1. Multiplying the sequence separation of S11 and I110 by 0.36 nm and subtracting their Cα-Cα distance, what value in nm do you get?
2. Compare the Cα positions of N26, I57, P79 along the charge dipole of the chain (+1 at Cβ of Lys, Arg; -1 at Cβ of Asp, Glu; about the Cα centre) and return the one farthest towards the positive end.
3. Among P48, F94, P2, which residue has its Cα positioned farthest towards the positive end of the charge dipole of the chain, with +1 placed on the Cβ of Lys and Arg, -1 on the Cβ of Asp and Glu, and the dipole taken about the Cα centre?
4. Stretch E23-N83 to full length: gain in nm at 0.36 nm per residue minus the Cα-Cα span?
5. Kirkwood Rh over alpha-carbon pairs of the range 1-43, then Stokes-Einstein at 25 °C and 0.890 mPa s: what D in µm² s⁻¹, rounded to an integer?
6. For the chain, how many pairs of lysine residues have a Cα-Cα distance under 16 Å, where the two are 8 or more positions apart or belong to different chains?
7. Would you mind working out the magnitude of the charge dipole of the chain relative to its Cα centre, with +1 at each Lys and Arg C-beta and -1 at each Asp and Glu C-beta, to the nearest 20 Debye?
8. Please give the per residue volume of the convex hull enclosing the alpha carbon atoms of the chain, rounded to a whole number of Å³.
Amino acid sequence: MPMKVLDATISTFGDVLEKFRSEGVNNKANLILFLADKDPSTNLSWCPDCVRAEPVIYKKLEASSDNVALLRAYVGDRPTWRNHHHPWRTDSTFKLKGVPTLIRWEDDAIKARLEDHEAHLEHKINTLLSEN
């Protein structure tokens, strides 16, 4: 099945998350990927960990035979993300510490997560996808 992808920024996240939640009942896995914005001068993420993890994550999700939905939530440019008062750093649900962070979202809550130092590891992504 094709992977369904929704994109959100800090300002659009609330509305996009509502759509993601409403469509989530139809999917085997619902994932949220918090990642850095792309640098306009290079068209690559300013975050080297995101550059390393994104292709691995997409490859694993696209290879899944199950219905998978991915909400990509862009944290902003480097100065925005580095602000300790960033809304997703201080959010009581997400409590982000780094990017990329890959979250398995079930029943309106975080079921499992991969932090920035492990989000590129195929076996960890497999485990996140197969959790029941």
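1. 33.5 nm
2. P79
3. Sorting the options by dipole projection puts first P48.
4. Here the answer is 18.4 nm.
5. 203
6. Step by step, the pairs that qualify in the chain add up to 10.
7. Using Cβ point charges on Lys, Arg, Asp and Glu, the chain gives about 180 debye.
8. 101
The values are calculated or read from the model by the stated rules, or taken from the named source; none is laboratory data. Bear in mind that the values here come from a model prediction, so they are computed numbers and not experimental data. Backbone-built Cβ (ideal geometry, glycine too); neighbour counts: all protein chains shown. Remember, those area values only see protein heavy atoms, side chains included, never the ligands or the DNA or RNA. Shrake-Rupley method; radii C 1.70, N 1.55, O 1.52, S 1.80 Å.
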